[in-house]
Amino acid sequence: MCLDCFASRVKLTKQRVNRPLGQLEMAALLRGVRAGRALRGLAGVVSAPAARKPQCSGLRRGFHCAALRLQDESKSDKPSSSSSTTYHEHYQAHSAEQDTAAASHGDSASDPAAEEAARPNTSYQDQSGEQNEEYETEEQLQARILNAALEFVPQHGWSMEAIAAGAETLGLSSASTGMFYNGGGDLVLHFIAQCNSQLTDILAEQHKEIQLGQAEAKKTADFLRDAIETRLRMYIPYIETWPQAMSLLLLPHNIPDSLKHLSTLVDDIWYYAGDRSTDVSGSYQPRSPPSSSHTFLSPFHHNPHNIRPASSQMNWYTKRAALTGIFNTTELVMVQDSSPDFQDTWNFLDNRIQDVTNMATTAKQMQSTGETVVQGFMGAAVTLKNLTGMNQRR
Amino acid sequence: MAVSMRQLVRRVIRLSNRNINVTAGGVSGRSGCCWGPSSCRCFSDRNTHFGFETVPEAEKAKRVYKVFENVAQKYDIMNDAMSLGIHRLWKDALLHVMNPQPGARLLDVAGGTGDISFRFLEYVRSQQERQKRRVARTMQTPSWQDISNSYSNEDKDGPQESKAVVCDINKEMLKVGKQKADSTGISAGLSWVVGDAEELPFDDDQFDIYTIAFGIRNVTHIDQALQEALRVLKPGGRFLCLEFSKVTNPVLARLYDTYSFQVIPVLGEVIAGDWKSYQYLVESIRKFPDQEEFKSMIEDAGFYCVQYYNLTGGVVALHSGFKL
């Protein structure tokens, strides 16, 4: 994945290839400092209770019984940040041997198994009973259960009961909810991932239309507003229970995953807005590929030959931090909004985006003023030195 | 001519014995197979372990039956004494991992005195109460429409009832369990069935959850028991097994071994008056496969998402699998 980013970045930024070496080290140092600051800033914006790191290991799997503290060593040790994606990765680690072993067993055992009537032929299972197919559909099955569970969320909230009801509509026993160790958290994270991918599809469609010339390019502020409005409208069917979902996302073991989803969302929106940037040419934005897990880290990490000047590094982080702030605050407003069609929320969103745009232009003006003032001083100093004769070589 | 006749006779006997072995395995212990054991011992090469002894497979089930027949009366007291009461925590952990939803049906195999089933019914009942309380809280100010709806929905609780079926091969253990149930007053939703784990007397796709707590090491053919579990579970059903396993920490392992072999049989003699049964118990724990091996056995039987949790440092392992 890194090589692809590198290749795409090299293609797009031919003009930035030759760089003086001296600035590389400084850029790296600044990058580190800014990364730390930006991360802290983001964490402050997102998590109100300031739970920065999932340090709470006692509630790892949501076991409340004190007796389970006896479980000092658990082979099925899930990382506390288990969500649908990391869960699957961990799952793969655990089941990799299972499936390679079972794959060899599955092929040999498929015929006698069919006779012994031990394996039921469910609808999604191949007639041949190949284990590879089954492995893929395990995750797909979980996704299907969670999708079915979304219907029951208004009734049961974001909880195991909704998942159980969803599983039952698929014809599975309610005991299959045991696969979801995170309970309601799994459901919320799945829903958010789904919303993010829907938004990405919509933005890609719009982007294609613009490229084909069928639609006009929007200004950045308008684009951002529309993107966030579209994204937040996806919550409308669940708005009654959305406070519960937000609180689930803020639980310590869910924070890494919710932050990851949030950062990919913001990154995607800026990616599709990147072409319509109103920035001055001094600040160049890298075209990060959408929805890759490491775009949250500075893009410089994968392309050291493309270091921008220090001022525009701040830009990448500031933009994303600003958009994260806007998104979260608008979400909070939406949850307690009772106006028709959430009109208050969209007005709030407009105002916030306006604020950010104003701040950006003000910052730029201040910067150019500051440069001019500094140049003025330097000129005065040189003149003074000339007058006093200090510049003469003896 | 005589040689060929002798060979023919020998071949016939071998064939018939093989048939008897198969049926004896299937009927294990339910009826003392009359001429099976005597000729099996001569011609059968299928032995299994009974503690540290090696016995023919047909005999193991009978001897296990006798062990539990002897210990049935003092079973619960001995459990408390041997594990210092920690077995209750293990069973509670099983229930927490199971997290049964209201309306689930449980099959508790080798359930004997019914510990798991009682906990299951209590758990489900408290879940239902919690749900009712939650519904009541949100319906603090019901409109007339809501009230009339609730009148029509009053019979909804019927299909929501959860049932637990306790299945054990040993009638004495079931008797003790039934007495316990009667004395504590938990009898609604509970059934007691005599059955063999290798050949369950139930139809396919009947149960949501299948548990076997501290019983699977006594089964002669563990893979058959696992396949039966797969058969009677509904699609999406869960298999849970609580069993003694290998301790991971070497220091703890030494202590545990000393405790098992020196203290437990003595306790057995003092409290229940039966040294040999408890000697069998601790030996059978050593003979049982370890966590990873058992996990792969479960996977081989056809379960998915198989996982295990070590409790008390590996003394007990809780394995879980799904029928998908």
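The values are calculated or read from the model by the stated rules, or taken from the named source; none is laboratory data. Note that the coordinates shown come from a computational prediction; the quantities given were computed from them, not determined experimentally. No Cβ is skipped: glycine too gets one built from the backbone with ideal geometry, and neighbour counts run over all protein chains shown.
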Test result for B:Ala253, within 18 Å of the chain's Cα centre (by Cα), under 24 Å from B:Leu281 (Cα atoms) and either modelled with pLDDT of 90 or more or within 14 Å of chain A (Cβ to nearest Cβ) (or both): no
Of the criteria (1) part of a helix (DSSP H, G or I); (2) more than 15 Å from the chain's Cα centre (by Cα); (3) touching a residue at least 24 places away in the same chain (Cβ under 8 Å), which one B:Gly237 fails: (1)
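State which residue is farthest from the other protein chains (Cβ to nearest Cβ) when the search covers only segment B:80-95 and only residues that are part of a helix (DSSP H, G or I) and either among the charged types (D, E, K, R) or surrounded by fewer than 18 Cβ atoms within 10 Å (Cβ to Cβ) (or both). Steps first, please.
First, pick out the residues of segment B:80-95 that are part of a helix (DSSP H, G or I): B:80-83, B:86-95.
Of the ones still in play, those that are also either among the charged types (D, E, K, R) or surrounded by fewer than 18 Cβ atoms within 10 Å (Cβ to Cβ) (or both) are B:80-81, B:83, B:86, B:88, B:91-92.
On the way: B:Asp80: 15, B:Ala81: 19, B:Ser83: 12, B:Ile86: 8, B:Arg88: 8, B:Lys91: 10, B:Asp92: 6 Å.
The residue in question is B:Ala81.
So is A:Gly171 within 12 Å of chain B (Cβ to nearest Cβ), modelled with pLDDT under 95 and in a helix (DSSP H, G or I) or not?
Details: within 12 Å of chain B (Cβ to nearest Cβ): yes; modelled with pLDDT under 95: yes; in a helix (DSSP H, G or I): no.
Here the answer is no, as A:Gly171 does not meet what is asked.
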Can you find a residue in segment B:203-212 that is without any contact (Cβ under 8 Å) to a residue 60 or more places away in the chain and more than 14 Å from chain A (Cβ to nearest Cβ)? no
Residues that are over 28 Å from A:Met179 (Cβ atoms) and in contact with a strand residue (DSSP E or B) (Cβ under 7 Å, 6 or more places away or on another chain): list the helices (runs of 4 or more DSSP H) wholly contained in segment B:112-229 that include at least 3 such residues. B:171-184
Considering B:Phe288, B:Phe322, B:Phe261, which residue is crowded, with 23+ Cβ neighbours inside 10 Å and among the aromatic types (Phe, Trp, Tyr)? B:Phe322
Sort out which residues of segment B:96-113 are away from every other protein chain (no Cβ under 13 Å) and at pLDDT 90 or above, and write them in order of number. B:Asp108, B:Val109, B:Ala110
Residue check, B:Leu255 against (1) aliphatic (A, V, I, L, M); (2) surrounded by fewer than 22 Cβ atoms within 10 Å (Cβ to Cβ); (3) in contact (Cβ under 8 Å) with a residue 40 or more places away in the chain, all met but one. Which one? (3)
Given the conditions (1) crowded, with 16+ Cβ neighbours inside 10 Å; (2) away from every other protein chain (no Cβ under 14 Å); (3) under 20 Å from A:Asn328 (Cα atoms); (4) at pLDDT 90 or above, which single one is not true for A:Ser197? (1)
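Report, by residue number, each residue of segment A:333-355 that is touching a residue at least 24 places away in the same chain (Cβ under 8 Å) and surrounded by fewer than 18 Cβ atoms within 10 Å (Cβ to Cβ).
Here is the first cut: in segment A:333-355, the residues touching a residue at least 24 places away in the same chain (Cβ under 8 Å) are A:334-335, A:342, A:345-346, A:349-350, A:352-354.
Hits for segment A:333-355 are A:Val335, A:Asp350, A:Gln354.
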May I ask you to verify whether B:Glu269 is charged (D, E, K, R), exposed (fewer than 13 other Cβ atoms within 10 Å of the Cβ) and assigned to a helix (DSSP H, G or I)? no
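State whether the residues of segment B:67-90 include one that is within 30 Å of A:Phe180 (Cα to Cα) and out of contact with any Ser or Thr (no Cβ under 9 Å at 6 or more places or on another chain). Don't jump to the end; show me each part of the working.
Narrowing segment B:67-90 to residues within 30 Å of A:Phe180 (Cα to Cα): B:86-90.
Filter once more, keeping what is out of contact with any Ser or Thr (no Cβ under 9 Å at 6 or more places or on another chain): B:87-88.
Yes, segment B:67-90 has at least one match.
Residue-by-condition table, conditions (1) within 17 Å of B:Gly51 (Cβ to Cβ); (2) of a type in the set (D, E, K, R):
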{"position": "B:Arg231", "(1), (2)": "no, yes"}
{"position": "B:Gln262", "(1), (2)": "yes, no"}
{"position": "B:Lys276", "(1), (2)": "yes, yes"}
{"position": "B:Lys287", "(1), (2)": "yes, yes"}
{"position": "B:Ser296", "(1), (2)": "no, no"}
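Take the residues in segment B:258-274 that are under 23 Å from the mean Cα position of the chain (by Cα) and free of Cβ contacts under 8 Å to residues at least 60 places away in the same chain; name whichever of them is nearest to the other protein chains (Cβ to nearest Cβ). Even if it seems obvious, please write down each step before you answer.
Initial filter on segment B:258-274 (under 23 Å from the mean Cα position of the chain (by Cα)): B:260, B:264-265, B:268, B:272, B:274.
Retained after the next criterion (residues that are free of Cβ contacts under 8 Å to residues at least 60 places away in the same chain): B:260, B:265.
Working: B:Ser260: 18, B:Pro265: 25 Å.
Within segment B:258-274, the match that is nearest to the other protein chains (Cβ to nearest Cβ) is B:Ser260.
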How many of the residues in segment B:279-324 are part of a strand (DSSP E or B), more than 8 Å from chain A (Cβ to nearest Cβ) and more than 17 Å from the chain's Cα centre (by Cα)? 0
